[in-house]
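**Q** Here it is, the structure in full.
The values are calculated or read from the model by the stated rules, or taken from the named source; none is laboratory data. Keep in mind that what you see is a predicted model, and the values were worked out from it rather than measured. FYI the Cβ positions are ideal-geometry reconstructions off the backbone, even for glycines, and counts take in every protein chain you see. The area values use the complete protein model at the heavy-atom level, side chains included, leaving out ligands, DNA and RNA. Shrake-Rupley method; radii C 1.70, N 1.55, O 1.52, S 1.80 Å.
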Amino acid sequence: MTHDEIRAAIAADEVLQALVPDTAALADALSAGRTRFVHTEIGVGTIIEVLGLSSANAVLDVIYSAQDYRHVKPLLDQGRLRLDSAFVRATLQAMVPALLTQGQCDALLARAQAPDPISEFDVRCAIFNDDGTLRV
């Protein structure tokens, strides 16, 4: 989050406003549930492990038989399909609800998510002026 985004989040939420000027508490509150996508490669085995054999077979059958996915097959076979790719995530999301439930899609995508906390220092820089007065 940028400093402007931190200030905007605080301005929009009375619970966060009540935490000012406790920058550690604000950082914890702002960090709750924040994730980012990180470089993660999966293959056929991971899809089967996450979805189970029946659901995985349906997804893999589409991927292996559809001309649109011809470039995905080698990546899956080599265990190199990248879940941190926005295109891959959008494609998986497009398979809901025809082939995947939202929960199954989320479970696959969770493989590529990592915590994305807001640092206390960033909160401090966002809410205080250089002279120590509050900006929020």
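**Q** Go ahead and estimate [θ] at 222 nm for the chain from helices alone: -39,500 (n - 2.57) per DSSP H run with n ≥ 4, summed, over the residue count, rounded to 500.
**A** Result for the chain, helices only: -15500 deg cm²/dmol.
**Q** Of Val50, Val59, which has the most accessible area and how do the rest follow, probe 1.4 Å?
**A** Numbers: Val50 40, Val59 5 Å².
In descending accessible area the options line up as Val50, Val59.
**Q** Another one. Run the simple label-point estimate for Glu14 and Glu120 please: 7 Å along Cα→C-beta, distance reported in nm.
**A** Spacing of the two 7 Å Cα→Cβ label points: 2.8 nm.
**Q** Between Asp131 and Ala110, what is 0.36 nm times their sequence separation minus the Cα-Cα distance? Round to one decimal in nm. Don't skip to the answer; put the middle values down first.
**A** Numbers: separation 21, 0.36 × 21 = 7.56 nm, distance 4.22 nm.
Separation in residues times 0.36 nm, less the Cα-Cα distance, equals 3.3 nm.
**Q** Turning to a different aspect of this structure: In percent, how large is the relative contact order of segment 37-114, given Cα pairs closer than 8 Å and 6 or more residues apart?
**A** On the way: 75 pairs, mean separation 36.0, N = 78.
Computed over segment 37-114, the figure is 46 percent.
**Q** Between Glu41 and Thr2, take the C-beta separation as r, use R0 = 25 Å, and let me know the FRET efficiency to the nearest 0.05.
**A** Details: r = 30 Å, r/R0 = 1.20.
Calculated value: 0.25.
**Q** Rounded, prolate or oblate: which fits segment 37-114 when a ≥ b ≥ c are the square roots of the eigenvalues of the alpha-carbon gyration tensor, with rounded for a/c under 1.5 and prolate only if a/b beats b/c?
**A** On the way: a/c = 1.33, a/b = 1.10, b/c = 1.22.
The shape class here is rounded.
**Q** Specify which residue in the list Gln78, Ala94, Pro21 is farthest towards the positive end of the charge dipole of the chain, using unit charges on the beta carbon of Lys, Arg (+1) and Asp, Glu (-1), about the Cα centre.
**A** Gln78
**Q** Something else now. Keeping every protein chain in place, order Cys125, Cys105 by accessible area at 1.4 Å, biggest value first, i.e. largest first. Write down the numbers at each step before the final one.
**A** Values: Cys125 45, Cys105 0 Å².
Descending accessible area places them as Cys125, Cys105.
**Q** So what are the ³J(HN,Hα) numbers for segment 59-70, from phi and the Karplus equation (6.51, -1.76, 1.60; θ = phi - 60°), rounded to whole Hz, Gly and Pro as x?
**A** Going residue by residue, I get 5, 5, 4, 5, 4, 7, 9, 7, 4, 4, 9, 4 Hz, with x marking Gly and Pro.
**Q** Could I ask something else about it? Can you give the accessible area of Glu120, probe radius 1.4 Å, in Å² rounded to 10?
**A** Solvent-accessible area, nearest 10 Å²: 60 Å².
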